[in-house]
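Asks: Here's a structure for you.
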Amino acid sequence: MIDTALFGAGRIGKIHAANLARLPGMRLKYVVDSHAPAARELAAVHGAEACSAEQALDDPAVRAVVIAASTDTHAELILAAAARGKAIFCEKPVDLELERARQCAQAVAAAGVPCLIGFQRRYDPTFAALKARLAAGEIGAPEMLIVTSRDPGAPPLDYIRRSGGIFKDMLIHDFDICRWILDDEVLSVHASASALSDPAIAAAGDADSTAVTLRTRQGRLCQINTSRRAAYGYDQRFEVLGSRGMLQAGNHRPTEVIAYGERAVAADLPEPFFLERYRQAYAAEMAHFLEVMRDGAAPRTTVEDGVRALELADAATRSWRSGQVVELDQV
């Protein structure tokens, strides 16, 4: 039985806690949150104990930590857990500052512990099936990736002000999709952005709509369009154009019933938000975390993936601010 400490009892922390509780071989021992009542409430649901960060980290029985607390705690918790030899699962991003994220990667490597980053889209059954078919050569060599990623609405302004900006908060998932699907590193980034849904977002120094073009080492192109406002639901899809065809991964809907009438054909809107859309993906990534610890499986999403995605988010932010293409020096 692998005893685990969960940091963060908010929305995503509750998802991870429930998925941990379903896994034979993992036990949620501690829940840590700066808001003590939330920690106690979630701990009670799963038969765990609410405690301080120090107690959870210093308990030698705890072999794994799941970090789902606010972004400003990620790096500190990764460093503390790595120093104690514990396996780590951390939500994105590793940190808002690139140098700090790189320090985390170095510490994890020195400690020799696994550190998975929560890029749950890699575990989505639809996206993973497309990746497998692409790897099998079904459409030949990939040449272009087009990603559409739209939220149903913007988060609160207080969150936007401390999020690090739309490229680090929202598009970091899309940058990871680009690297994963094209299996290539990005050499140049051109990003454009606007605040179209709410002038207060612009006043906060951020944007809600973006268009990004990435060019990889092998000359492959990736175009990403995002918006924080989609009136019809959570829009998550992409397509890959290859030398012998194209693969598309579309939205999920609550049901697949389609109504045919005299004047229209109607289907359900997409799932309302990410918790519903990626329900299976969240369960799959936690099951994979167990496989990494128990069976020695190779992590599918590493801290290095987190650093690379943050590099692209940082470059996109600089490109938007400067209005210029940003060239990356990838090793």
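The values are calculated or read from the model by the stated rules, or taken from the named source; none is laboratory data. Computed from a predicted structure; not experimentally measured. With ideal geometry, Cβ positions are generated from the backbone for all residues, glycine too; neighbour counts draw on all protein chains shown. We work out accessible area using only protein heavy atoms, side chains counted, and drop any ligands, DNA or RNA first. Shrake-Rupley method; radii C 1.70, N 1.55, O 1.52, S 1.80 Å.
Asks: Output the peptides 166-175, 320-329, 30-39 sorted from most to least packed, where packing is the average of other Cβ atoms within 10 Å over each peptide's residues.
Replies: Highest-to-lowest ranking by the protection proxy: 166-175, 30-39, 320-329.
Asks: Using a 1.4 Å probe on the protein heavy atoms, what percent of the accessible area of region 151-252 belongs to carbon and sulfur?
Replies: Roughly 48 percent, rounded to a whole number.
Asks: Next question, about the same structure. How big is D, in µm² s⁻¹, for the chain by Stokes-Einstein at 4 °C and 1.567 mPa s if Rh is the Kirkwood radius over C-alpha pairs?
Replies: For the chosen part, D equals 62 µm²/s.
Asks: For region 73-205, what relative contact order do you get, as a whole percent, if you take Cα pairs closer than 8 Å and at least 6 residues apart?
Replies: So the answer I get is 21 percent.
Asks: Can you bin region 260-331 into rounded, prolate or oblate? Criterion: square roots of the alpha carbon gyration tensor eigenvalues sorted a ≥ b ≥ c, rounded for a/c under 1.5, prolate for a/b above b/c, oblate for the rest.
Replies: Oblate.
Asks: Enumerate cysteines in the chain without a disulfide-compatible partner, where compatibility requires another Cys Cβ under 4.7 angstrom.
Replies: Taking the Cβ cut-off of 4.7 Å, the unpaired cysteines of the chain are CYS51, CYS90, CYS104, CYS115.
Asks: Also, I was wondering about something else. Tell me which GluC sites (Glu not before Pro) from region 236-309 have a DSSP coil assignment and no more than 10 other beta carbons within 10 Å of their own.
Replies: The qualifying sites are GLU256, GLU262.
Asks: Which ³J(HN,Hα) values in Hz, rounded to whole numbers, follow from the phi angles of region 238-245 under the Karplus curve 6.51 cos²θ - 1.76 cosθ + 1.60, where θ = phi - 60° and Gly and Pro get x?
Replies: Here the 3J(HN,Hα) series is 7, 9, 10, 9, x, 5, 10, x Hz.
Asks: Something else about it: Kyte-Doolittle cut-off -0.5, length cut-off 27 Å along the helix's own axis using Cα: show which whole DSSP H helices in the chain pass.
Replies: Values: long enough: 303-322 (28 Å, -0.39).
The answer, listed by residue number, is 303-322.
Asks: With a/c under 1.5 counting as rounded, go ahead and sort region 61-187 into rounded, prolate or oblate using the C-alpha gyration tensor (a ≥ b ≥ c being the square roots of the eigenvalues; past the cut-off, prolate if a/b is larger than b/c, else oblate).
Replies: oblate
Asks: Separation between the ALA287 and ARG263 pseudo-spin-labels, each 7 Å from Cα along Cα→Cβ, expressed in nm?
Replies: Reported label-point gap for ALA287 and ARG263 is 4.5 nm.
Asks: Continuing with this model, one more query. Below 10 angstrom from the Cβ of ALA191, what's the summed charge of the other residues (Lys, Arg +1; Asp, Glu -1)?
Replies: +2
Asks: On a full-extension model of 0.36 nm per residue, what is the gain between ASP183 and MET144, subtracting their alpha-carbon distance, rounded to one decimal in nm?
Replies: 12.8 nm
Asks: Output the relative contact order of region 45-124, whole-number percent, from Cα pairs under 8 angstrom with separation of 6+ residues.
Replies: 28 percent
Asks: For region 5-38 and region 118-181, compute the distance between their C-alpha centroids and round to whole Å.
Replies: 25 Å
Asks: Could you list which residues have their amide H under 5 Å from that of GLU49, counting only those 5 or more apart in sequence or on another chain, with H placed in the peptide plane?
Replies: TYR30, VAL31
Asks: Over the chain, calculate the relative contact order: mean separation of alpha carbon pairs under 8 Å at least 6 apart, over the residue count, as a percent.
Replies: Result for the chain is 20 percent.
Asks: Quick check on the chain: helices-only [θ] at 222 nm, where DSSP H runs of length 4 and up contribute -39,500 (n - 2.57) each and the sum goes over total residues. Nearest 500, please.
Replies: Taking each H run of at least 4 residues, the total per residue is -11500 deg cm²/dmol.
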